[in-house]
Amino acid sequence: MRAGSTASRTAVLVCQARAVADGRLAPGRFSDSTAARLLRSDEEVAVERARDDEAPQRTRDRMQWEMLRATATVMVPRTIAIDDAIRERTNCQVVILGAGLDGRAWRMSELAGASVFEVDHPASQDDKKARVATLSAVTAQLHYVPVDFSQDSLHVALADAGHDRTVPTTWIWEGVVSYLTRDEVIATLGVVGRRSAPGSRLVINYQAPSRSAALGRWFMGAVATVTRQDNPLAGEPTRSTWSASGLAEALTAHRFVVVADDDLLTLIGRLDVPVTRRASLSNGRVVVADRPVT
Ligand SMILES: C[S@@+](CC[C@H](N)C(=O)[O-])C[C@H]1O[C@@H](n2cnc3c(N)ncnc32)[C@H](O)[C@@H]1O
């Protein structure tokens with residue numbers, strides 16, 4: 001996304017996917033009842049269809065059904081891994097980078113005592129604010145911090161919003177890195193490093209390099225063409241992928257210690273969820289890195 005653009009479509013897609021998964025996949029481990037409440041009525045129609053195990057007859061509905069169900073399978077291990085990492089180290093400041101329609105500030109009771117800072121592109125954030133207007137956050141404080149990572153100073157924006165760099169922070173950066181260039185990722189990591197007191201934790205969901213991911217994006221484009229809808233990925237191309245060792249090197253340079261880095265296929269293997277689209281699961285990864293208390 002770039003300044004002046006419209007709200008993120010991929011944020012809606014992953015929110016729809018969480019709504020498709022809620023109560024259906026890994027019940028007891030995965031739940032996100034907030035997701036459906038963040039959707040507009042036209043977006044909910046596709047979700048309701050995808051929650052039905054019977055595939056629709058019409059080709060365009062069938063393709064969208066497949067896409068949403070496949071994305072739902074990806075969202076389950078990704079969300080669980082991140083939620084677990086937050087619960088394991090819930091600092092009193094939580095910063096969600098590229099928050100999109102993340103519902104954690106409305107659904108995670110563990111964040112009740114935390115100050116949550118939702119950082120996002122201004123267009124996406126305006127859209128989110130309209131969607132949550134009738135919902136109540138569970139968090140002690142919720143700050144909206146509009147930032148375009150490609151143009152604005154995250155450091156200044158967080159300081160202005162009241163983020164305290166002397167207090168440990170839990171950072172969440174989910175499903176965003178691939179939309180940024182390598183330079184933007186490095187620059188953002190630099191700010192996260194500068195603003196992370198000892199005891200901070202950084203959780204990143206990122207994409208490893210892969211040919212099948214390119215195929216997956218082509219499939220999404222084909223679904224959009226056949227269903228005569230906007231391609232959610234059209235305005236948000238992949239700009240960077242990271243190997244686990246490459247990202248670990250960047251994290252180490254900012255004095256973070258990697259405590260876990262797993263692909264989603266490994267993570268879903270620990271759950272009772274039928275596995276389809278193994279390739280897209282194996283490309284997605286979640287890394288957890290801590291700033292040690294010295
Ligand atoms: C796929 S969505 C993920 C949203 C959320 N983290 C989640 O997992 O549900 C991608 C998010 O990255 C944000 N994003 C992409 N490029 C950005 C940029 N240059 N500056 C700020 N945010 C950006 C979008 O606004 C969007 O909210």
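The values are calculated or read from the model by the stated rules, or taken from the named source; none is laboratory data. These figures come from a predicted structure and were not determined experimentally. FYI the Cβ positions are ideal-geometry reconstructions off the backbone, even for glycines, and counts take in every protein chain you see. Side chains are part of the model used for accessible areas, which takes the heavy atoms of the whole protein and leaves out ligands, DNA and RNA. Shrake-Rupley method; radii C 1.70, N 1.55, O 1.52, S 1.80 Å.
What the table below lists for this structure:
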item: Residue among 25, 38 that is modelled with pLDDT of 95 or more and within 14 Å of the ligand (Cβ to nearest atom); result: 38
item: Number of positions in the stretch 168-177 that are open to solvent by 10 Å² or more (accessible area, probe 1.4 Å) and either more than 16 Å from the ligand (Cβ to nearest atom) or modelled with pLDDT under 95 (or both); result: 1
item: Scope the stretch 221-257; condition of a type in the set (Val, Ile, Thr), more than 16 Å from the ligand (Cβ to nearest atom) and surrounded by fewer than 17 Cβ atoms within 10 Å (Cβ to Cβ); matching residues; result: 225, 226, 252, 257
item: Single match in 136, 124 (criterion: polar (S, T, N, Q) and over 18 Å from the mean Cα position of the chain (by Cα)); result: 136
item: Qualifying residue in the stretch 155-167 (condition: closer than 24 Å to residue 72 by Cβ and either surrounded by 22 or more Cβ atoms within 10 Å (Cβ to Cβ) or touching a residue at least 40 places away in the same chain (Cβ under 8 Å) (or both)); result: no
item: Selection status of residue 148, open to solvent by 60 Å² or more (accessible area, probe 1.4 Å), more than 17 Å from residue 13 (Cα to Cα) and within 11 Å of the ligand (Cβ to nearest atom); result: no
item: Candidates 71, 10 - the one that is touching a residue at least 12 places away in the same chain (Cβ under 8 Å), in contact with a Pro (Cβ under 9 Å, 6 or more places away or on another chain) and under 26 Å from residue 239 (Cβ atoms); result: 10
item: Residue 7 vs. criteria surrounded by 15 or more Cβ atoms within 10 Å (Cβ to Cβ) and either in a helix (DSSP H, G or I) or within 15 Å of the ligand (Cβ to nearest atom) (or both); result: yes
item: Residue tally, condition assigned to a helix (DSSP H, G or I) and farther than 18 Å from residue 218 by Cβ, over the stretch 57-67; result: 2
item: Top-ranked residue of the stretch 108-145 - restricted to ones that are within 12 Å of the ligand (Cβ to nearest atom) and open to solvent by 40 Å² or more (accessible area, probe 1.4 Å), ranked as nearest to residue 171 (Cα to Cα); result: 122
item: Candidates 60, 87 - the one that is modelled with pLDDT of 95 or more, more than 13 Å from the ligand (Cβ to nearest atom) and of a type in the set (D, E, K, R); result: 87
item: Within the stretch 183-206, tally of residues that are open to solvent by 60 Å² or more (accessible area, probe 1.4 Å), touching a residue at least 60 places away in the same chain (Cβ under 8 Å) and within 21 Å of the chain's Cα centre (by Cα); result: 1
item: Members of the stretch 10-38 found to be of a type in the set (A, V, I, L, M, F, W, C), within 16 Å of the chain's Cα centre (by Cα) and not in a helix (DSSP H, G or I), listed by number; result: 30, 38
item: Residue under evaluation residue 218, criteria (1) within 11 Å of the ligand (Cβ to nearest atom); (2) open to solvent by 10 Å² or more (accessible area, probe 1.4 Å); (3) over 14 Å from residue 240 (Cα atoms), criterion not met; result: (1)
item: Test for residue 294: is it in contact with a strand residue (DSSP E or B) (Cβ under 9 Å, 6 or more places away or on another chain), of a type in the set (S, T, N, Q) and either over 21 Å from residue 84 (Cα atoms) or not in a helix (DSSP H, G or I) (or both); result: no
item: Failed criterion for residue 54 (all others in (1) part of a helix (DSSP H, G or I); (2) more than 24 Å from residue 136 (Cα to Cα); (3) of a type outside the set (Lys, Arg); (4) more than 17 Å from the chain's Cα centre (by Cα) hold); result: (1)
item: Out of 285, 278, 270, sole residue that is touching a Phe, Trp or Tyr at 6+ places or on another chain (Cβ under 8 Å) and either open to solvent by 20 Å² or more (accessible area, probe 1.4 Å) or touching a residue at least 60 places away in the same chain (Cβ under 8 Å) (or both); result: 285
